[in-house]
Amino acid sequence: MGTTAFGRGAWLLVSGIVSILSSNLVFAETPKLTLPQVVEVSLQNNGDLKSFREEKGIRDAGKVKAGLLPNPTLDFEVGTGALTGSSDENNLTLGISQEFFLTGKRDKRLIIAERELEIYRWQLADRERVIREEVKIAFYDAILTNKRIELSGRAIELNSQLLDVTKERLSAGDIPELEMNLVKVELARSESSKIDVEKILSQNQLKLWTLMGLPAGETPTLTGNLDTEVTLKKSLLDLKQLALGLRPDVKALEAEKGRGDVDIILAEAEKVPNLTVGLFYVHDRKTDATGAGEEKVRDNLLGIRLSIPIPVFDKNQAGVQEAKAKKSSSESRLLAASRNVEREVETAYASYLNSEKVLSLYKTNIIPQLEENLKLTQEAYRLGEVGILAVIQEQKKFFEVSEGYLTALHDRQTALVKLESAVATELTGGVQ
């Protein structure tokens, strides 16, 4: 009777393991968050992203500033001869002047401000791409840990059933007490292993909650599956071309290079100084001495004043040189970034293919054979052909390999996430 109960328990274990590896997790009746929902919440609430979004106001202010004209200048001047013995002599000068940009400098500065906004938008998109990758990996880390907890629970269940069997056989005098003690040790080890995995789950969830920007005390339930089949229909060359055309960090550098062209044009335009136009009024009162006596004279003058610096020494040579150096630097960084993107896609693609190969080995060879070995060992123990050590050893091997299979599933998913991030494209549809 005991061995039969053990056999049924072992068979339930095998079925449970397969269920764990191929189906979704079972959660309590609480709201669940899927991966798309987790990503959406993270993009809305992540602290770093929210902070960087606020910086758009800085770029908007720069655009406003680029479109403004210089403030006009008010000149006021008054003079009197009272302190020098000529109390009848005084003058008043009142003027206003305005600086005007020549050679279209204002329009060029507005174009540069637009390019700055474009660069900012691509930089924001790239930060979202990176956050999306981090969140997905953290999500799958948490799902893997949940699966490992379930696997540990199954190990505890089987060891408990095995302990009941050994107790019955010990009472019947079929086995020595040592066999029961060995099973007790295995049960304690499986319980300890579950506690360790639960600690890891807390750490993984903390990382994910931080990326999601959740308030303290809020712990949603996650629902997801590691065994998601995705077939890559694009070649490595296609993925590289997609990455170069879609990666927001490359787009930001391309926009920066375009701004460099406008910077040079503006620096060339800065060689021509700005024109200042002024309107002034002068009231002058003085005493004019003639042979017949003194005559008081009052003059009122209204005039225009034009002024422009003469570009003799400073022809904005430094500004032109600086603009050219910045453009050259942006071109170099764009070239380096393009090469790095291609290498990143190559690495992610190779990693994904390798993870698929490992997973295929588990599915086609390792897991089915392992299940068969466990069944045979259990049957042999039931017939008294092998001892408890053989059962414990085969059982431990089964759980170790099952955990390796879970890790292989996780590695395949994370490799896919990194490939999607490298290409900036959802391989199941949509652009990141």
Going through LYS108/LYS257; LYS207/LYS396; LYS136/LYS199; LYS240/LYS326; LYS32/LYS251; LYS65/LYS327 one by one, the pairs whose alpha carbons sit over 25 Å apart turn out to be LYS207/LYS396; LYS240/LYS326; LYS32/LYS251
Note to self, the chain gives a 222 nm [θ] from helices alone (DSSP H runs n ≥ 4, -39500 (n - 2.57) apiece, / all residues, nearest 500) of -23500 deg cm²/dmol
Ranked from fewest to most other Cβ atoms within 10 Å of their own Cβ, VAL386, VAL130 fall in the order VAL130, VAL386
Taking every DSSP bridge whose two residues both lie in the chain, the antiparallel percent to the nearest 5 is 95 percent
The alpha-carbon center of the range 234-273 and that of the range 126-193 are separated, in whole Å, by 54 Å
Under the 7 Å Cα-to-Cβ spin-label approximation, ARG333 and ASP284 lie apart by a distance in nanometres of 5.8 nm
Stretched fully, the stretch from ALA325 through ASN300 gains (0.36 nm per residue minus C-alpha distance, one decimal, in nm) 3.6 nm
The helix 2-22 Cα axis meets the longest alpha-carbon principal axis of the chain at an angle in degrees, between 0 and 90 and rounded to 10, of 20 degrees
Listed with the fewest Cβ neighbours within 10 Å leading, HIS410, HIS283 appear as HIS283, HIS410
Given a Förster distance of 60 Å, the FRET efficiency implied by the Cβ-Cβ spacing of VAL272 and ASN340, rounded to the nearest 0.05, works out to 0.90
Scattering profile of the range 118-237 from the Debye formula, Cα beads only, expressed as log10 I(q)/I(0) at q = 0.10, 0.13, 0.18, 0.21 Å⁻¹, is -0.55, -0.74, -1.00, -1.13
Mean-square fluctuation maximum in Gaussian network of the chain, Cα pairs under 10 Å, restricted to LYS50, LYS147, LYS136, hits LYS50
Listing LEU74, LEU353, LEU163 by rising number of other beta-carbon atoms within 10 angstrom, fewest first, gives LEU74, LEU353, LEU163
Between the Cα axis of helix 388-423 and the main Cα principal axis of the chain, the angle (0 to 90°, nearest 10) is 20 degrees
Toy charge model, Lys and Arg Cβ at +1, Asp and Glu Cβ at -1: the range 64-169 dipole around Cα centroid in debye, rounded to 20, equals 940 debye
Residues whose built amide H sits under 5 Å from the amide H of PHE100, excluding neighbours closer than 5 in sequence, are LEU275, THR276, VAL277
Relative to the chain, whose Cα atoms define the longest principal axis, helix 367-382 and its Cα axis are tilted in degrees, nearest 10, by 30 degrees
Once normalised by the length of the chain, the mean sequence separation of its alpha carbon contacts under 8 Å that are 6 or more apart gives a contact order in percent of 25 percent
For LYS375, the aspartates and glutamates lying under 18 Å Cα to Cα, once residues fewer than eight places off in the same chain are dropped, come out as GLU157, GLU385, GLU394, GLU400
To the nearest 0.05, the calculated FRET efficiency linking LYS199 and GLN98 through their beta-carbon distance, R0 being 56 Å, is 0.20
Per the C-alpha gyration tensor (a ≥ b ≥ c, the square roots of its eigenvalues), the chain is rounded if a/c is under 1.5, else prolate if a/b beats b/c, else oblate; here it's prolate
Here the FRET efficiency for GLU218 versus LEU110, based on Cβ atoms and R0 = 51 Å and rounded to 0.05, is 0.70
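Read the figures in this text as sums done on the coordinates, not as results from a lab. All of these numbers come straight from a predicted model, not from anything done at the bench. Heads up, the Cβs are rebuilt from the backbone with ideal geometry, glycines too, and the neighbour counts pull from every protein chain shown.
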